[in-house]
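The values are calculated or read from the model by the stated rules, or taken from the named source; none is laboratory data. Keep in mind the model is a prediction, meaning the values are calculated, not measured. Cβ placement follows ideal geometry from the backbone for every residue including glycine, while neighbour counts extend to all protein chains displayed.
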Amino acid sequence: MKAKKTYTRDVVLSLARGLVETYEERLTLTDFQRETGISQRVIYDLFGSWKSVRMEVGLGAEVPRDSNGITAEHILELMRNQVVEQGEQITMRRFMEETGLSARMIETRFGSWGALREVVGLSGRANILPQYTDEELLEDLYRVYRLVRERPVYDKHKLRGGRISPGTFCHRFGSWGWACRRLKDLLRDHGHFSSEMRLPEELEEKFRSGSDQS
């Protein structure tokens, strides 16, 4: 009687990694069984599920729905076409909207959005011009402050009539706190300084000193 062949976790994972080079994210349990002859029962006995095998060899738990038939060459062709239409400032979000491809698909084929940009001869990141100037950002804070007369609050800015998202302030000034400090300077320039919007101690001291001398 022929002895039943036994498999270890390491053997199964080694075989799966070898097939990833060919199938990439499209590797299914059916593909694995056909290529190796290993039964589904062996997979479930050793790993509990096929998803676990995929994840241990660096794949996502599920086969991406949009992966079948999408090659790196096809993505490059789409990218080159979009660069012609949109220019070098093309963003990943816009590319996905125009092509229907997912972020996972781009990362699976090229590693990252920046890498895809570089393959077609662009810089890794688009040099996007700021949508708002510093003055426009501070004016938005100032306008809301004049309405409520309270220290600006990150998660209430839009609710209180702000036109610009709080995240934009943080990106430009480094943090919401620093945006508020810049507003302090603007309030002083307009003669509307409020002691309730407390400054850091060293700036508070400087302000008081300036007031005493005037």
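Before moving on, here are some points about what is shown:
- Some residue of the stretch 12-25 being surrounded by 12 or more Cβ atoms within 10 Å (Cβ to Cβ), part of a loop (DSSP other than H, G, I, E, B) and at pLDDT below 85: no
- Enumeration of residues in the stretch 42-88 that are charged (D, E, K, R), out of contact with any Leu (no Cβ under 8 Å at 6 or more places or on another chain) and either more than 21 Å from residue 17 (Cβ to Cβ) or at pLDDT below 85 (or both): 62, 65, 73, 77, 80, 85
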